1. Quick check: residue separation of residue B:253 and residue B:383 times 0.36 nm, minus the Cα distance between them. What number comes out in nm?
2. So, with +1 on the Cβ of K and R and -1 on the Cβ of D and E, and no other charges, what is the size of the charge dipole of the stretch A:63-314 about its Cα centre, to the nearest 20 debye?
3. Could you tell me which of A:160, A:216, A:200 has its Cα farthest along the dipole of the stretch A:127-252 towards the positive end, charges placed at Cβ (Lys, Arg +1; Asp, Glu -1), taken about the Cα centre?
4. Can you give me the long-range amide H partners of residue B:8? Hydrogens built in the peptide plane at 1.01 Å from N, cutoff under 5 Å, separation of 5 or more residues or another chain.
5. Is the shape of the stretch A:227-313 rounded, prolate or oblate, going by the alpha carbon gyration tensor and its root eigenvalues a ≥ b ≥ c, with a/c under 1.5 for rounded and a/b larger than b/c for prolate?
6. Within a 10 angstrom radius of the beta carbon, how do B:338, A:223, B:253 rank from fewest other beta carbons to most?
7. Dipole magnitude of the protein assembly as shown about its Cα centre, charges +1 at Lys/Arg Cβ and -1 at Asp/Glu Cβ only, in debye to the nearest 20?
8. Using a 10 Å cut-off around each Cβ of peptide B:346-353, what is the average number of partner chain Cβ atoms that fall inside?
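None of the figures in this text is laboratory data; all of them are computed from the coordinates on show. Fair warning: this is a prediction, and the values are worked out from it, not measured in the lab. A quick note on method: Cβ atoms are made from the backbone with ideal geometry, for glycine too, and the neighbour counts reach across all protein chains shown.
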Amino acid sequence: MKKTNKMSVEQVHTWFEVLRFASAIFIAFAISFIIISFSIDSPFSAMKNLFIGPLTSFRRFSTVLELMIPLTFGGLAVNIMFKANQFNLAAEGALFMGALVSAIIAIYMPGPSGLVMVFAMIAAGITGAIVCAIPGILKVKWKCSEMVVSLMLNYVMLYFGTYIFNQVARDPNSAYKASYTFREGVTLSNIISGTRLHSGIFIVIFFVIATYIFMFKTKWGYKLRVTGSNINFAKCTGIGVAGVIMSSQLIGGFIAGVGGSTEMLGMYTRFQWSELPGYGFDAVILNILAKENPAYIPVAAFFVAYLRIGADYMYKQSDVAAEIVAIIEGLVIVLIAAVAFLAKLKHKMTTKASKNLLESGGAQ
Amino acid sequence: MMSNKVILEVENILKVYPNGIVANKNVNFEVHEGEIHALIGENGAGKSTLMKILFGIETPEEGRIILNGEEVKIENSKKAISLGIGMVHQHFMLVESLTIAENIVLGNEPKKLIFFTDKARMLKSTKECLKRYNFNIDVNDKIEDASVGVKQKTEILKSLVRGAKILILDEPTAVLTPQETKELFTELNTLKKQGHTIIFISHKLNEIMEICDRVTIMRNGTTVDTTFVKDTSKQEISNKMVGRDIVLQVDKKPAKRGKVCLEAENLVYVNGIGKKALDKVSLKLRKGEILSVAGVEGNGQAELAAILTGMIKPVSGSLKINGIKIESLKPAEIRKNKLVYIPEDRMVNGCAAKLSITDNLFTNKIDYFLKKGNIFLDKKKINKQSEFLVEDFHILCGSINHQVQMLSGGNIQKVVAARELSEDAEIIIAEQPTRGIDAGASELIRRKMVEFRDRGAAVLLVSADLNEVLELSDSTIVMHNGKVNAYFRETGNLTVEELGYYMLGVKKQTETEVNAIL
C-alpha cells in the first residue's frame, strides 16, 4: 500500500520536472521572441529559422553533433568535480592545454598515426589532470577556494599556452595565427562523408558510459558522492576525503584534456585557438540542465548545441544577432535553477496525489 | 486554574510536505484553558509539524484552528504571537552577545529619543516581569555566559512579555539537569496558576505523569487519544504511542568486564577560543562494559568523543587501543580497530542527507560490499543488507532508495545506528545515541548496545540523559569543566539527584577516587 503511495508522488514529481523544463523553455523563447520583434520586421520567420535551422540540411544537423562532442567532454569533466562538491572551473584551462599538447604531439611525433593519436590523447589527459589538480592541491593543503583559483588559473593557462604555442608550434608562414599543420594522417577519421563529423563521437560515448559506471557502480564513485554530499560524514566514517577530492579533480581534468585533444584532432588540422574555447564554462550550464547526472549530460549538450547552430542559421538567414541565444540559454537556466519556480503548483499536485491515496485506503 | 473552557481546538488538520510525506492527517485535539497539556508521540508522529502549524511556521493544507471560539488563520509566527501563542523551541533563538534583559525586550524595546534603547525602563519592566512570574535570574547576565536552564527561562519570558497566553514548549527538559527540570516544573505550575495554558511536548513519560493534566497521544501523523493523566498509566500511554507493547526497562545481566581495550591518558584539548575543553582526562574502557560519560553539555564530552574517533587531535596526552598508540591516526585508521562511532549530530557527521538510505548504510564498510576485483559495488549484496537493516532497526521508509533527508529525525538516527552497530564492532563510541528520538527507537538502540556489551564489546556512552546513563551503564564518569569530576565503578547504586550534583560541580570526588578508574 505504502509503496504505491510513494510511487505516485514520485510520478507527480517526475511529471512535474518535465512540465517545469518545458515551461522554462517556452518562457525563454517567448521573451526572446519579444526581443527579436523589436529588432526586425519578420520575427516569425526568424524564430522558425532558429527552431528548424539545424534540420534544414543533413550537414547542418551534423554540426550539432560535432558541437556536442567538446560540450559533453567539458560537461563530464565538471560533473565529476561538482559531484565531489568542488566548484573547480579549471576544466576550461585543462581543455585548452590538452588541445595544445596534443597539437604539438601531432605535429612533431614520428611513428604510425594511430599510435601518435593515442599518445596525444593520453598526454593531453595527463596535462588536463595536472591543470585541474592545481586548485585541488591548494584546496586540500591550504583551503584556498577552488573556484577563485581555477577561474584565475584559466587565464594563466591561456597565456602560458599561447607562449608555448609561439615558441614551439607557430607557423611563421601562416597568414593567420596558427601552428604548423599536423602530420599527414594524424586526424580522427571522418565517419560520414560530406560532413565534419568525426570518430571522436565514439570516444565521447565511451566516456559518458564510463563516467556513469564510475559514478554509480564503483567504490570510487561512491566515495566521491558521499564526500560531495557531506564531507564531515565521509571523514567520520573513514573515507580519506583529501584523496577523494584530489582524485576527482585529476579525473575531471583528464577528461577535459582528452576532450581538448579529441576536438583538436577531429576538427582541426592545425592549432589556432587564441582564446579560451569556452567549453569548460558551458559545462556549468550543462550540469545545471542535467541536474548533475552524467547520463543526462549528452542530452543537455545536444540541447545547447542545437540552439547554437539554430541561432547561427537564424543569424545568417534573418539578420538577427546570434547573441539572442545567450539570452535564451540564460533564461532557461535561471528558470530551471529557480527552485521556487512553479513550486506552489507542484505542492498542490503533491497534496492531491497524497490525499487521493489516503482516501483510497493507501494510508501510511 | 484549569477550567473546562476550550481555549484552542484543532480540527481535521492535513499537512503534506513538498516531498509528498503526509505529516499530519485527521489531527483533532483541544486544549483547555489553564491546563498543562502533554503532546506525546514517536518521532515522525507529527508532533513538531502540528506545533509548527500552531505557531505559523507551516500552513496546513486543510483543517481548522479555533482559538477562543473563533476560527483563525495563522499565516506566520508574528500572527501567532499577536494571537497570544508563544513557542519555546528546542534550539534556543537567542542573541548570544546580548544580555538577558535585552533578549527579552528584543524587537519592542522601550525607546528614548526615538533611536536609543531606554535601559532603565527596560530593566525595570523585565524585573517586574521576573517578579510577577517568580523567575529567579539576573537579567544583566549575557546569554553566552548563561546556563542552558537560564537560557530556557529567558525564552519563556520572551514569550510571556509578548503576551503569550498559550505556551508551546518543545521538549523543554531534553537539555536540563534534574535540578533545572525541577525548577522549570515549579515555574510552569506558577504560570498555570496565573491562568496560562501550556502545551508540553516530551518523550519522557515520567515528566508527563508528574506535571501534566491531560495528554494527547499521536501516532503516524494522527491524534490517537486524549485522556486525563490521572486516569491513565505510563504503560498505557506508551502502548498507544507505539501501537505495541514496549519494555520500558532494558533487561541487563551484570557486566563481565574483560581487559582494557581503550586507554586515554592525560588528554588535553584547547578549543578555538583558547579554552581548555579537556584538561588532563584519563580513562580506561574495558571489554564487556558500558562506561557512560555523563555531564551537562559543553563540559568536554563532545571533544573527548571527537578525539577518541580521530576527528580532532589532542594537544597532549596519549591514546591507545589494545595497547597500540592511535592519537596521531586518521579516523579511517582508527576504525580499522573495529571501533564504530555514533556521532552526536546526525545531520553533520552521521549521514549524507541527499543520498539514499541504502547509500547511507554501508559507508563505513565499503570493502565488504564489493564484487570480485574490489572495484565494483555489489548492488545485490548492498540492497539485501539494506533491506535487512531497515527491517531489523524498524526504519520507517517508503523505499530503501529514498533520500535520507525525507525521513524523520528518529528514523535518520536509526539509519546511523543501523550502519554503525551492524558490524562485529569491538569498541562502540556512542554520543547521545537516543537524543530527541522516541521511546521505541531509543529502546531499540539501547537494547542493541547491551547486546554488543554482552558479546564482549566495549561501549563508551556519552549521554546527557541521566535516566539512560543509570539504566544502561555499568560504570559512570561525570565530566565538569573539561575534567573528570567523578568516577563510579558501579552505576547501580547511583541516583539521578546524586549525578546531578556532580554534573553541576556542586560535589567533587578526590583525585584518588577518580583515579580508581585507572
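1. Values: separation 130, 0.36 × 130 = 46.80 nm, distance 3.48 nm.
That works out to 43.3 nm of additional length.
2. So the dipole magnitude of the stretch A:63-314 works out to roughly 760 debye.
3. Farthest along the dipole direction, towards plus: A:216.
4. Distant-sequence amide H within range of residue B:8: B:31, B:68.
5. oblate
6. Working: B:338 15, A:223 22, B:253 8.
With the sparsest Cβ surroundings first, the list reads B:253, B:338, A:223.
7. For this selection, approximately 1140 debye.
8. Values: counts 1, 3, 4, 7, 5, 6, 11, 3.
Per residue, the number of nearby Cβ atoms from other chains is 5 on average.
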